[in-house]
Amino acid sequence: MADIEIDIGGEIFHAFYEEKDAPKTVARFRELLPFSDRIIHVRWSGEACWIPMGERDLSIGYENATSHPAPGQIIVYPGGLPTSVSETEILLAYGAVAFASKAGPLAGNHFLTIREGLDRLYRIGRSVLWDGNKPITFRKAG
């Protein structure tokens with residue numbers, strides 16, 4: 001059974017924590033649930049959508065960090081650079097991604113994975129690109 005249910009504009013996805021590889025990030029994210037915001041398309045990184053979180057300090061540091069998340073992988077950039085360069089954010093890959101900011105490459109903690117419905121996820125990502133932001137909610141599954 002999935003750990004998380006993700007609703008993106010009415011499309012439901014089930015995701016699984018990467019607890020073994022990112023225990024601090026998973027623990028911190030659990031504290032945020034339920035978490036609702038809006039998802040917008042990335043500017044530099046390729047086929048992904050992101051949730052800007054501004055100067056929010058998640059106090060997690062780096063673990064299981066990647067600059068190239070695969071489709072369905074969700075990463076969190078814990079911040080650290082001035083917000084004029086890149087803010088704390090959650091990034092959801094739906095295709096090819098090279099995570100970056102205007103200052104260059106970044107890495108984020110891979111902590112959650114959508115394993116099924118990647119074709120629907122791709123359609124949602126393209127819709128965010130062409131039609132604009134969508135509401136997103138993460139909640140405990142079940």
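The values are calculated or read from the model by the stated rules, or taken from the named source; none is laboratory data. The structure displayed is predicted, hence computed values, not measured ones. Note that each Cβ is placed from the backbone with ideal geometry, even for glycine, and that neighbours are counted across all protein chains shown. Side chains included, ligands, DNA and RNA excluded: accessible areas come from the protein's heavy atoms. Shrake-Rupley method; radii C 1.70, N 1.55, O 1.52, S 1.80 Å.
For LEU112, indicate whether it is open to solvent by 30 Å² or more (accessible area, probe 1.4 Å), within 29 Å of GLY10 (Cβ to Cβ), out of contact with any Pro (no Cβ under 8 Å at 6 or more places or on another chain) and outside any loop (DSSP other than H, G, I, E, B). No. Kindly evaluate ARG139 against the criterion of being open to solvent by 10 Å² or more (accessible area, probe 1.4 Å), part of a strand (DSSP E or B) and touching a residue at least 24 places away in the same chain (Cβ under 8 Å). Judged against the criteria, ARG139 is a match. Within the range 95-142, being modelled with pLDDT under 95 and more than 18 Å from ILE75 (Cα to Cα) holds for LYS102, ALA103, GLY142.
Scanning the range 46-62 for residues that are more than 20 Å from GLY132 (Cα to Cα) and open to solvent by 30 Å² or more (accessible area, probe 1.4 Å) returns GLU55, ARG56, ASP57, SER59, GLY61, TYR62.
Residue by residue, here is whether (1) out of contact with any helix residue (DSSP H, G or I) (no Cβ under 8 Å at 6 or more places or on another chain); (2) open to solvent by less than 40 Å² (accessible area, probe 1.4 Å); (3) within 20 Å of THR137 (Cα to Cα); (4) at pLDDT 95 or above holds:
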residue	(1), (2), (3), (4)
ILE4	yes, yes, yes, yes
ALA22	yes, yes, no, yes
ASP37	yes, no, yes, yes
TRP44	yes, no, no, no
ILE74	yes, yes, yes, yes
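Looking across the range 89-125 at every residue that is touching a residue at least 24 places away in the same chain (Cβ under 8 Å) and among the charged types (D, E, K, R), the one that is nearest to ALA65 (Cα to Cα) is identified as GLU89.
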